[in-house]
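Single-structure report; data block below.
The values are calculated or read from the model by the stated rules, or taken from the named source; none is laboratory data. This structure is a prediction, so every number in the text was calculated from the model and none was measured. Cβ coordinates were reconstructed from backbone atoms using ideal geometry, including for glycine residues, and neighbour counts include every protein chain displayed.
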Amino acid sequence: MTATQPYLSQTEAPTRAEVDALPGLTLLEFGTGWCGHCRAAQPALAEALAPHALLRHIRVEDGPGHALGRSFRVKLWPTLVLLRDGQEIARVVRPTQAADLSALLSNAAH
């Protein structure tokens, strides 16, 4: 999934149990389409994700009462959570540069 695709709504987003069961590496991106911080992060996110074409990237619309975001204790947007086999291994909040995200994704290689 690319950064240009819309965020999955609460009804479209996977459940926490489904996320926990995902094999391999997954990047969850929590935010909204109208969030200025989320929109500003998109160029850096696209640049950082370019060399990681096989990384599963799931964009999830977040907001009050959205169960998946609450289960990951998301408070600010965008929040990116890197998972390996459903377990969180790294996170970055409000990234502004590709380097912020490259550091996060470097955890995937370890």
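Of all residues in the stretch 56-98, which are free of Cβ contacts under 8 Å to residues at least 40 places away in the same chain, aliphatic (A, V, I, L, M) and more than 15 Å from T32 (Cβ to Cβ)?
Of everything in the stretch 56-98, those that are free of Cβ contacts under 8 Å to residues at least 40 places away in the same chain, aliphatic (A, V, I, L, M) and more than 15 Å from T32 (Cβ to Cβ) turn out to be I89, A90, V92.
Specify the residue that is surrounded by the most Cβ atoms within 10 Å (Cβ to Cβ); the eligible residues are those in the stretch 15-55 that are among the polar types (S, T, N, Q) and either within 19 Å of S102 (Cβ to Cβ) or free of Cβ contacts under 8 Å to residues at least 40 places away in the same chain (or both).
The qualifying residue surrounded by the most Cβ atoms within 10 Å (Cβ to Cβ) is T26.
Suppose we keep only residues that are under 16 Å from V74 (Cβ atoms) and in contact with a Gly (Cβ under 9 Å, 6 or more places away or on another chain) within the stretch 1-12. Which one would you say is modelled with the highest pLDDT? Talk me through it step by step, then tell me what you get.
So the first thing to find is which residues in the stretch 1-12 are under 16 Å from V74 (Cβ atoms), and the list is 7-10.
With in contact with a Gly (Cβ under 9 Å, 6 or more places away or on another chain) added as a condition, the list becomes 7, 10.
Working: Y7: 96, Q10: 92.
Among residues in the stretch 1-12 that are under 16 Å from V74 (Cβ atoms) and in contact with a Gly (Cβ under 9 Å, 6 or more places away or on another chain), the one modelled with the highest pLDDT is Y7.
For the stretch 95-104, give me each residue that is surrounded by 21 or more Cβ atoms within 10 Å (Cβ to Cβ) and assigned to a helix (DSSP H, G or I).
The one that is surrounded by 21 or more Cβ atoms within 10 Å (Cβ to Cβ) and assigned to a helix (DSSP H, G or I): L101.
Yes or no: the stretch 57-66 includes at least one residue that is buried (at least 18 other Cβ atoms within 10 Å of the Cβ) and either among the polar types (S, T, N, Q) or closer than 15 Å to D100 by Cβ (or both).
Within the stretch 57-66, not a single residue is buried (at least 18 other Cβ atoms within 10 Å of the Cβ) and either among the polar types (S, T, N, Q) or closer than 15 Å to D100 by Cβ (or both).
Kindly indicate which of R84, R73 is surrounded by 12 or more Cβ atoms within 10 Å (Cβ to Cβ) and of a type in the set (D, E, K, R).
Going through R84, R73 in turn, the sole match is R84.
From the list T79, T96, which residue is β-branched (V, I, T) and at pLDDT 90 or above?
The match here is T79.
Among the residues of the stretch 1-14, count how many are over 23 Å from A98 (Cα atoms) and among the aromatic types (F, W, Y).
0
Show me the helices (runs of 4 or more DSSP H) entirely contained within the stretch 11-94 in which 3 or more residues are out of contact with any Pro (no Cβ under 6 Å at 6 or more places or on another chain) and within 15 Å of L105 (Cβ to Cβ).
36-49
Just checking, how many residues over the stretch 22-60 are small (G, A, S) and in contact with a strand residue (DSSP E or B) (Cβ under 9 Å, 6 or more places away or on another chain)?
4
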